[in-house]
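The values are calculated or read from the model by the stated rules, or taken from the named source; none is laboratory data. What you see is a predicted model, and the numbers here were worked out from it, not measured in a lab. Cβ coordinates were reconstructed from backbone atoms using ideal geometry, including for glycine residues, and neighbour counts include every protein chain displayed. We work out accessible area using only protein heavy atoms, side chains counted, and drop any ligands, DNA or RNA first. Shrake-Rupley method; radii C 1.70, N 1.55, O 1.52, S 1.80 Å.
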Amino acid sequence: MQHTRRILIVGGGIAGLTLGYWLKHHGEQPTIIEQAAQRRDEGYGIDFSGSGWDVAQRMGILTELEGRQIQVESMVLKNSQGQTIVKQPLAPLREALPHPMLHLMRPELETVLADALPSDLPVHYATTIVRLEQYVEYVEVRFNGGRVEQFDLVIGADGIHSQTRQLVFGPESQFAQPLGYTFATFKIPKLADYGANATMLIEPQRQATIYPDRRGGFLMMLAYRSQQTQLPAPDQRKAMLQTEYRKAGWLVPQLIDSINHESAFYCDVISQIRMPRWSHGRVALVADAAHCLTLISGQGAATAMGGAYVLAEELAKTADHQAAFQAYEQRMRPFVDRKQAGARRVGLTFVPRTRLGVQLTRLMMRAAFSPRLARSIGKRIGFDSVLAMV
């Protein structure tokens, strides 16, 4: 069954691009808008598997993604003096996982998804919605440039700080559930040869990880315990990190000092989005806008692609958009609830609170790569796919 509804997708990230592809595949007329002036370069490394793998396979882009992998061979743990105290190859853990997995940078995944879009699917950058009015037969949208258009449906794929959600459902504070951490990621100068490793410093209340990108450079990810619910202004965030990490060991303070306009700096509070419903009238939400899993889950990008695929598939089945939205939510919500609960459990110990906790984490890392324990961990963190659920 094919329909030719005009559908506005708000957000040109992983979910929005995937949704655009599959809506077009099913005969709809999607348009994507993205608030950024161009495709963004900031983002962190992700483990790509499960739902994302299955959707990518159906799109025929797996080979391209495999060619863009980050080469991470070992996990290295440093102490505060910069000495290596643990080094474990990642191969045993990869082999123990019940699903295939790729290590990718989020911007690389977005690039491949964007390149897969049909040439006649419009994508408008530097574009946002400022007003949205629903009527019986259409949605009227006013854009930041003043233009007003009518669409049959609007899908918010605009992330954890979704403007679509705010306009239709209410303020973010109603739905955001902070997990007690703040994180940041940015490109770093090559002060040392970190090699093909994920190199970590874990101290009480905070951690830092350096890992390679695909182009010979390196990135740092920071995560620390925090009761913040909102961040300071963008120009104050570097100073915030400098304060939090001023007594950190190894090279961490020096690398934070290096942040500049070329660092692709991104920072946010780690929060889940939990909502009683994901649609209202002719508007629906997908991925982080509806149900942010957080980076702690390790499955946000994969689930975003899975949710976009399911939503497009349900819309293709019927001209009744409300029935399609309901079916999409019924398929996705049990999967999402389980992933969010898992992330909350991991969040309890994501960063050790005490020096004893740090010591226990080091012991666990030493043991985690034995074949037997690696298989156990692999089963627990295995990336299942929503596409395989009946």
Restricting attention to region 290-306, does a residue exist that is touching a strand residue (DSSP E or B) at 6+ places or on another chain (Cβ under 8 Å), modelled with pLDDT of 95 or more and more than 20 Å from residue 335 (Cα to Cα)? no
Confirm whether residue 325 is of a type outside the set (Ser, Thr, Tyr), surrounded by fewer than 19 Cβ atoms within 10 Å (Cβ to Cβ) and out of contact with any Cys (no Cβ under 7 Å at 6 or more places or on another chain). no
Given the structure, is residue 228 in a loop (DSSP other than H, G, I, E, B), open to solvent by less than 60 Å² (accessible area, probe 1.4 Å), under 24 Å from residue 348 (Cα atoms) and in contact with a strand residue (DSSP E or B) (Cβ under 6 Å, 6 or more places away or on another chain)? yes
Within region 231-272, restricting attention to residues that are out of contact with any Cys (no Cβ under 6 Å at 6 or more places or on another chain) and of a type in the set (S, T, N, Q), which residue is farthest from residue 193 (Cα to Cα)? 271
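Rundown of residues vs (1) in a loop (DSSP other than H, G, I, E, B); (2) surrounded by fewer than 19 Cβ atoms within 10 Å (Cβ to Cβ); (3) out of contact with any helix residue (DSSP H, G or I) (no Cβ under 9 Å at 6 or more places or on another chain), yes/no style:
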{"site": "180", "(1), (2), (3)": "no, yes, no"}
{"site": "186", "(1), (2), (3)": "no, no, no"}
{"site": "195", "(1), (2), (3)": "yes, yes, yes"}
{"site": "198", "(1), (2), (3)": "no, no, yes"}
{"site": "209", "(1), (2), (3)": "no, no, yes"}
{"site": "216", "(1), (2), (3)": "yes, yes, yes"}
{"site": "221", "(1), (2), (3)": "no, no, no"}
Determine the pairs where a residue that is without any contact (Cβ under 8 Å) to a residue 24 or more places away in the chain, located within region 124-143, has a partner that is of a type in the set (Val, Ile, Thr) and in a strand (DSSP E or B) with Cβ atoms under 6 Å apart, the partner being 6 or more residues away or on another chain. 142/130; 142/148
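Kindly indicate whether residue 313 is open to solvent by 30 Å² or more (accessible area, probe 1.4 Å), at negative phi, among the charged types (D, E, K, R) and in a helix (DSSP H, G or I).
Details: open to solvent by 30 Å² or more (accessible area, probe 1.4 Å): yes; at negative phi: yes; among the charged types (D, E, K, R): yes; in a helix (DSSP H, G or I): yes.
Answer is yes for this residue.
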Step by step: first the residues of region 110-153, then only those that are within 15 Å of residue 31 (Cα to Cα) and of a type in the set (Val, Ile, Thr), then the one that is farthest from the chain's Cα centre (by Cα). Which residue is that? 148
Somewhere in region 238-251, is a residue touching a helix residue (DSSP H, G or I) at 6+ places or on another chain (Cβ under 6 Å) and in a strand (DSSP E or B)? no
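Here's the yes/no breakdown for (1) open to solvent by less than 20 Å² (accessible area, probe 1.4 Å); (2) at pLDDT below 95:
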{"residue": "101", "(1), (2)": "no, yes"}
{"residue": "116", "(1), (2)": "no, no"}
{"residue": "123", "(1), (2)": "no, no"}
{"residue": "129", "(1), (2)": "yes, no"}
{"residue": "144", "(1), (2)": "no, no"}
{"residue": "148", "(1), (2)": "no, no"}
{"residue": "162", "(1), (2)": "yes, no"}
{"residue": "167", "(1), (2)": "no, no"}
{"residue": "175", "(1), (2)": "yes, no"}
Output the residues belonging to region 245-254 that are without any contact (Cβ under 8 Å) to a residue 40 or more places away in the chain and crowded, with 18+ Cβ neighbours inside 10 Å. 245
Mind listing whichever residues of region 88-119 are assigned to a loop (DSSP other than H, G, I, E, B) and within 21 Å of residue 156 (Cα to Cα)? 117, 118
Can you give me the ranges of the strands (runs of 3 or more DSSP E) entirely in region 1-87 with at least 2 residues that are open to solvent by 40 Å² or more (accessible area, probe 1.4 Å), within 30 Å of residue 137 (Cβ to Cβ) and without any contact (Cβ under 8 Å) to a residue 12 or more places away in the chain? none
Answer from 318, 294, 303, 354 - the residue that is in contact (Cβ under 8 Å) with a residue 60 or more places away in the chain, surrounded by fewer than 18 Cβ atoms within 10 Å (Cβ to Cβ) and within 30 Å of residue 188 (Cβ to Cβ): 354
Scanning for something assigned to a loop (DSSP other than H, G, I, E, B), closer than 29 Å to residue 234 by Cβ and not hydrophobic (A, V, I, L, M, F, W, C), does region 274-292 turn up at least one residue? yes
Scan region 349-357 and give yes if some residue there is farther than 20 Å from residue 101 by Cα, modelled with pLDDT under 90 and out of contact with any Phe, Trp or Tyr (no Cβ under 8 Å at 6 or more places or on another chain), otherwise no. yes
Pick from region 325-348 the residues that are touching a residue at least 12 places away in the same chain (Cβ under 8 Å) and polar (S, T, N, Q): which of them is nearest to residue 271 (Cα to Cα)? 340
